[in-house]
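The values are calculated or read from the model by the stated rules, or taken from the named source; none is laboratory data. Being a predicted model, the structure only gives us computed values, none of them experimental. No Cβ is skipped: glycine too gets one built from the backbone with ideal geometry, and neighbour counts run over all protein chains shown. Areas reflect the complete protein model, heavy atoms only, side chains present, ligands, DNA and RNA absent. Shrake-Rupley method; radii C 1.70, N 1.55, O 1.52, S 1.80 Å.
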Number of protein chains: 2
Amino acid sequence: MRQDSRLSRMLHVLIHMGRHEGALTSDRIAEMLGTNPVVIRRTMAGLREKGYVHSEKGHGGGWTLAKPLEDLTLLDIYRAVGEPSVFAVGPAYDMPDCPIEQAVNETLEGVFADAERLLLKRFEGVSLAAIADRFPADIMIGHHPPNAKDHG
Amino acid sequence: MRQDSRLSRMLHVLIHMGRHEGALTSDRIAEMLGTNPVVIRRTMAGLREKGYVHSEKGHGGGWTLAKPLEDLTLLDIYRAVGEPSVFAVGPAYDMPDCPIEQAVNETLEGVFADAERLLLKRFEGVSLAAIADRFPADIMIGHHPPNAKDHG
DNA sequence: AGTCACGTAACTTATTTTGTTTCGAGAAAT
DNA sequence: ATTTCTCGAAACAAAATAAGTTACGTGACT
């Protein structure tokens, strides 16, 4: 089963936005990720609804952060892109009245619920700024280092 | 993204087998689960390769347990059905040279690896017999209770 | 006006999983 | 011996889902 990479992609885009002076257009982002601008709008729409990004039409328009990276966590973005389930495997409901199936599903659901709790708790503790801090700012390609804002 | 229910289904089938006198045919199992006998053979093949079940051709043939339920864990079955990943969400590799993407993916991979470790550890600690013990034997439908073996 | 850019709906394509058909072979019953 | 039952495996068809594409509308800047 193929994995959903929207969370990863949106994190990537958001951190780029945090280091970018102006707005980023859907076309530009799509080109970066090797996909289509409509797909970008579709996914970014979830972030806009939560108030994490802002979109502007017309000349000079595009996408900008509505909050600093410090105020956004993995959990926020995970929820904003609307993942139905973290897990690729889950229970089956073939014979709802069968006590064996019920026992199996109760067991699985318990274990998965524990793992999901851990995962979301970890998500909650990681801000996008913390991710951005994992690499030195001056090895960035094609963008100004953070202190370049001083001349803008 | 739709969840893979093969693990759940196979657990269900295996526990039924543990309470069943003779062999269970693919047709019978498929009927139980509302699916096709070929699908059952396909999935059971993984369990056979690991030596957890045995298949027999011809009259009176079908599937039988090759090990007692006590000796099988969730982890065994999970691996036997060959799940590629527990998670429905994962990293994207759009710009392998981009340090932002790398930072995002390292972060995600770390968190997912932790959650997976927990999950598999929990899987390892649950035997199929333990699942079977979650319900009283005498509420079983369409099968003999365990002590019915005495008359066989 | 003309261009740029998002918003949205409808459609197409690609991929994956599941289900189906078909044939072969071994084992038991008749 | 032949028929019936059953798995094994390959090849094909169908269904579901996500991703990509096209097209047109709307607002904003030049």
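Some observations on this one:
- Nonlocal amide H pairs with residue A:53, under 5 Å, H built at 1.01 Å: A:48, A:66
- Accessible surface ranking that places the most exposed of B:57, A:50 first, with a 1.4 angstrom probe: B:57, A:50
- A 1.4 Å probe run over the protein chains yields, for the range B:1-143, 48 Å² of accessible area per residue, whole-number rounding.
- Listed values for the range B:92-104 are Karplus-derived 3J(HN,Hα) couplings in whole Hz (6.51 cos²θ - 1.76 cosθ + 1.60, θ = phi - 60°), namely 10, 10, 8, 9, x, 8, 7, x, 5, 4, 4, 5, 4, and x replaces Gly and Pro.
- Here's how it looks for residue A:87: its modeled amide H is under 5 Å from those of B:88, which are all 5 or more places away or on a different chain.
- Solvent-accessible ranking of A:71, A:133, largest area first, probe 1.4 Å: A:133, A:71
- Distance violations [Cα-Cα > 29 Å] among A:121/B:50; B:67/B:121; A:57/A:121; B:57/B:121; A:50/A:121: A:121/B:50; A:57/A:121; B:57/B:121
- Computed from Cα atoms, the angle from the helix A:6-18 axis to the main principal axis of chain A rounds to 20 degrees.
- The protein assembly as shown, helix-only ellipticity at 222 nm - DSSP H runs n ≥ 4, -39,500 (n - 2.57), divided by all residues, nearest 500: -14500 deg cm²/dmol
- In a reduced charge model with +1 at each Lys and Arg Cβ and -1 at each Asp and Glu Cβ, the range B:11-83 shows a dipole moment near 160 debye about its Cα centre.
- Neighbours of residue A:23 by Cβ distance under 12 Å: Lys/Arg scored +1, Asp/Glu scored -1, total -1.
- Phi-based couplings in Hz for the range B:108-115 (Karplus 6.51, -1.76, 1.60; Gly and Pro marked x): 4, 4, x, 5, 5, 5, 4, 5
- Residues in the range A:4-21 that a label on residue A:83 would reach, taking backbone N under 11 Å of a point 7 Å out along Cα→Cβ: A:4-9
- Charge dipole (debye, nearest 20) of the range B:6-146; +1 at Cβ of Lys and Arg, -1 at Cβ of Asp and Glu: 660
- Residue A:52 sits among other residues whose Cβ lies under 11 Å from its own Cβ, and their net charge, with Lys and Arg +1 and Asp and Glu -1, is +1.
- When you restrict to C-alpha pairs under 8 Å that are six or more residues apart and normalise by the size of chain A, the relative contact order lands at 26 percent.
- Computed from point charges on the beta carbon alone (+1 for Lys and Arg, -1 for Asp and Glu), the dipole magnitude for the protein assembly as shown about its Cα centre is near 480 Debye.
- A 1.4 Å probe, protein heavy atoms only, puts the accessible area of residue B:41 near 120 Å².
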